């Protein structure tokens, strides 16, 4: 792999030090470059290509294409008909994996359409953190990425999944994902995209089916140039005492368009909150916030707040009165708006993600 590609991996939080991760999976176009587990975690988890996993585990068919519908749209159909690979990650029952697992999906050829399918299973009582980086090689022009991901969080399990995208202005990106959460299980999904992209459309779904289950879906998105983002998150609260939270922070610059969707559906005694916040940095940019609440029982307690606007002039003036230039003041406010502490990550992983954010924000 050339130097530019290696530097790009750092921009999505992918590191090469084996001691800093529990396991790794790396796919370039349709070739698996790495599928490895840290020796210390051999008896705690599995990491392998999805095709190999399907051959090894006959029971995996009970999870494969079960919570994402292959007929959902043209992209799921295309992935079902011709799959290039993807990863299978399974954390064994009762195991607490303290180092993060990492995965990387790289598109390194022009005109390539990458279609991947990932299945992640957190068995009963397990805990793990996954950091996933998806990107296009700096030398790639037009490309497409279709990513199918199915998450299964069993009873009393906890999974924190952080995905960072670094595409280019000619890439079309179509993630399709769902999570199924059991009794007292918790799923945290964090999404970051801080580079221009031709078109990105995603609307992940979390099914809180278990009693006392919880889902938290966060996203930080920066649109620039002519980028078009249509992003959102859905939480279906089906289990008694289930909880949900959706937080969306978006910035739009240049001629970009960002549509930020959020949907909460209460079908049982439950509590959930939805927050959509947008910051406009250009007169030609657009942000459309679409919060939706559906309460199908009187026992569902759902709330939302949404706000879109420019940087407040009084905040700029306040910082300038403290000796900060106008440009520096705008940068400070932007950094605060895109604060990754909302992700609730372990400290070491939080610092790694913050490094990615800081590097990207320098160009704002």
Just checking, which of 251, 259 is surrounded by fewer than 22 Cβ atoms within 10 Å (Cβ to Cβ), more than 30 Å from residue 126 (Cα to Cα) and out of contact with any helix residue (DSSP H, G or I) (no Cβ under 6 Å at 6 or more places or on another chain)?
259
Take the residues in the stretch 68-78 that are closer than 29 Å to residue 157 by Cα and either free of Cβ contacts under 8 Å to residues at least 40 places away in the same chain or out of contact with any helix residue (DSSP H, G or I) (no Cβ under 8 Å at 6 or more places or on another chain) (or both); name whichever of them is surrounded by the most Cβ atoms within 10 Å (Cβ to Cβ).
76
Of all residues in the stretch 107-164, which are within 20 Å of residue 82 (Cα to Cα), touching a helix residue (DSSP H, G or I) at 6+ places or on another chain (Cβ under 9 Å) and either part of a loop (DSSP other than H, G, I, E, B) or in contact (Cβ under 8 Å) with a residue 40 or more places away in the chain (or both)?
108, 116, 117, 118, 119, 146, 147, 148
Across (1) touching a strand residue (DSSP E or B) at 6+ places or on another chain (Cβ under 8 Å); (2) surrounded by fewer than 21 Cβ atoms within 10 Å (Cβ to Cβ), residue 183 clears everything bar (1)
Kindly list, by first and then second residue, each pair from a residue in the stretch 35-57 that is farther than 15 Å from residue 85 by Cβ to a residue that is in a helix (DSSP H, G or I), limited to pairs with Cβ atoms under 7 Å and residues at least 6 apart or on different chains.
38/18
For the stretch 28-50, indicate whether the set of residues that are modelled with pLDDT of 95 or more, part of a helix (DSSP H, G or I) and out of contact with any helix residue (DSSP H, G or I) (no Cβ under 6 Å at 6 or more places or on another chain) is non-empty.
yes
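Out of the residues in the stretch 301-337 that are in contact with a strand residue (DSSP E or B) (Cβ under 6 Å, 6 or more places away or on another chain) and farther than 19 Å from residue 217 by Cα, which is modelled with the lowest pLDDT?
Residues of the stretch 301-337 in contact with a strand residue (DSSP E or B) (Cβ under 6 Å, 6 or more places away or on another chain): 301-308, 310, 337.
This time we only want the ones that are farther than 19 Å from residue 217 by Cα, so: 308, 310.
Working: 308: 86, 310: 78.
If we take residues in the stretch 301-337 being in contact with a strand residue (DSSP E or B) (Cβ under 6 Å, 6 or more places away or on another chain) and farther than 19 Å from residue 217 by Cα, then 310 is modelled with the lowest pLDDT.
The values are calculated or read from the model by the stated rules, or taken from the named source; none is laboratory data. Because the structure is a prediction, the values reported are computed rather than measured. Neighbour counts run over all protein chains shown; Cβ positions are idealised from the backbone, glycine included.
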